[in-house]
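Worksheet: one structure, shown below.
Bear in mind these aren't lab numbers, they're just calculated from the coordinates by the rules spelled out. Note that this is a predicted model, so its numbers are computed, not measured. Here the Cβ positions follow ideal geometry from the backbone for every residue, glycine too, while neighbour counts run over all protein chains shown.
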Amino acid sequence: MAMNTHGLTDDQKDIRALAARFADEVVAPQAMQWDREHRFPKEVVQQLGELGLMGVCIPQALGGAGADYLTYVLVIEELSRGDAGLGVTLAVHTGAGTLPVIARGTRQQIERIVPPLAQGHELAAFALTESNAGSDASALATRSDNGNLTGTKQWVTNGSVAHSFIVFAKDPDRPSAFVVRRGAHGFKPVRETDKLGLNSSSTADLQFDETPAERLGLPGAGLRIALATLDGGRIGIAAQATGIAQAALDLAVKHAKERRTFGKPIGAHQAIQQKLADMQTEIEAARALTWRAARLKDADRPHTVEGAQAKLFASAVARRVTGEAIQVLGGYGYTRELPAERYYRDAKVTEIYEGTSEIQRLVIARALLGEAARE
Ligand SMILES: Cc1cc2nc3c(=O)[nH]c(=O)nc-3n(C[C@H](O)[C@H](O)[C@H](O)COP(=O)(O)OP(=O)(O)OC[C@H]3O[C@@H](n4cnc5c(N)ncnc54)[C@H](O)[C@@H]3O)c2cc1C
């Protein structure tokens, strides 16, 4: 487990320790099997619900644990250290599928939709991407005809397992956000995507054919809702990336103490020491950026740029550190006997989803340059 507890409150430390213990005792020992079998660990998600971890930052009045965003981010990091697929399941469920309902829903929608999600009885998803609308979310083709949705969404995390979906559709010209229930007329997950990693998470295409949906927020506010959701969601993905990197470092350190070459542990070779020192330093920097963004969000301060910086940096750290971990493990790192190769595969996607690294740089540069960046 990561040692850094700078500035955490006792409550934050306690919930982090709970998540860390669960990750070490329940998640990590099974993660390799889930990855091989491409299995979504439904029973573990249910256990997370019982521990109050499916609604960490949801108010207690709505069935959540009532903790702050930083605490939620700590939980994502710890769970991702055990299994990154489980980390993204939680991150999308809470950050992308539940919080926008609280932020934009009517009182009636909030009281009806949120409690089963916060308690982990139901799962949530967020469906923005389409085959021709990824980074350019405004290009979406799914349309609403008086609240009936028709179109196809792509690569929706929790797509095959969720009960509540936030779906974005043209309404009629500008996107609005909608909520669709599993089992609604004309709605079905049509394909699970075969991926490089994150094999314990569901990533599905969804089809809507005149599916009745209820609007979330104002008509035409869809893009604003999506972007605000991603502002917070990116902090969660930065935490996921940090967790994957930490797992890779922990494995590399263990191996460096045990593996011997030329009569000594490989950790006695300075080349290996240098690698491990760089890996740890980069992870601490990623964590610090992530916590900074989460703390700004908790203080209701702007956090768009800080969240983009955290995700940009942490995802690159995850890619580098997982690659270096394989290097420290040598041939063992390249085999499926140890989890280093899974960390490497899982890390890559953190540079892609919830906005690619190129898009994070655009966000940061636009804030630096203002109007000059748009000419
Ligand atoms: C495992 C997984 C889970 C996902 N989960 C979800 C989910 O739950 N909900 C959801 O809605 N989506 C989800 N996505 C989709 C994800 O958010 C998109 O893949 C991502 O936004 C990038 O879009 P794209 O793949 O269409 O790439 P494109 O937009 O086609 O980009 C291709 C390349 O061009 C670059 N590029 C594009 N535009 C610019 C530009 N203006 N300037 C510079 N470079 C640019 C990109 O950075 C990238 O390198 C998921 C994807 C994956 C792989």
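Structure summary
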{"item": "Using a Förster distance of 25 Å, the FRET efficiency for residue 218-residue 192 (Cβ separation, nearest 0.05)", "result": "0.15"}
{"item": "Using a Förster distance of 51 Å, the FRET efficiency for residue 301-residue 257 (Cβ separation, nearest 0.05)", "result": "0.75"}
{"item": "Given charges at beta-carbon only (K, R positive; D, E negative), |dipole| of the stretch 242-375 in Debye", "result": "380 debye"}
{"item": "Selection from 217, 148, 249 lying farthest towards where the dipole of the stretch 133-253 points positive, charges on Cβ", "result": "217"}
{"item": "Positive-end residue of 316, 51, 159, charge dipole of the chain with Cβ unit charges", "result": "316"}
{"item": "For the stretch 116-156 versus the stretch 34-89, the gap between their alpha-carbon centres in whole angstrom", "result": "22 Å"}
{"item": "Alpha carbon centroid spacing (whole Å) that separates the stretch 250-268 from the stretch 270-318", "result": "27 Å"}
{"item": "Ranked list, fewest to most other Cβ atoms within 10 Å of each Cβ, for 332, 343, 353", "result": "332, 353, 343"}
{"item": "Of 33, 207, 110, farthest towards positive along the dipole that unit charges on Lys, Arg, Asp, Glu beta carbons give the chain", "result": "33"}
{"item": "Dipole magnitude (debye, nearest 20) for the chain, charges at Cβ of Lys, Arg, Asp, Glu", "result": "420 debye"}
{"item": "Relative contact order of the stretch 10-118, defined on C-alpha pairs under 8 angstrom at six or more residues apart (%)", "result": "30 percent"}
{"item": "Environment charge at residue 297 (Cβ cut-off 14 Å; Lys +1, Arg +1, Asp -1, Glu -1)", "result": "0"}
{"item": "Neighbour-count ranking [beta-carbon atoms within 10 angstrom, fewest first] of 242, 203", "result": "203, 242"}
{"item": "Rounded if a/c under 1.5, otherwise prolate or oblate - the stretch 132-174, Cα gyration tensor axes", "result": "oblate"}
{"item": "Cβ-based net charge around residue 220, under 15 Å, with every Lys or Arg adding one and every Asp or Glu removing one", "result": "+4"}
{"item": "Surrounding net charge for residue 318, when Lys and Arg each add one and Asp and Glu each subtract one, Cβ distance under 13 Å", "result": "+3"}
{"item": "Helix 304-329 axis, angle to the chain major axis (alpha carbon atoms, nearest 10°)", "result": "40 degrees"}
{"item": "Spatially close lysines, pair count over the chain: Cα under 18 Å, gap of eight or more or interchain", "result": "10"}
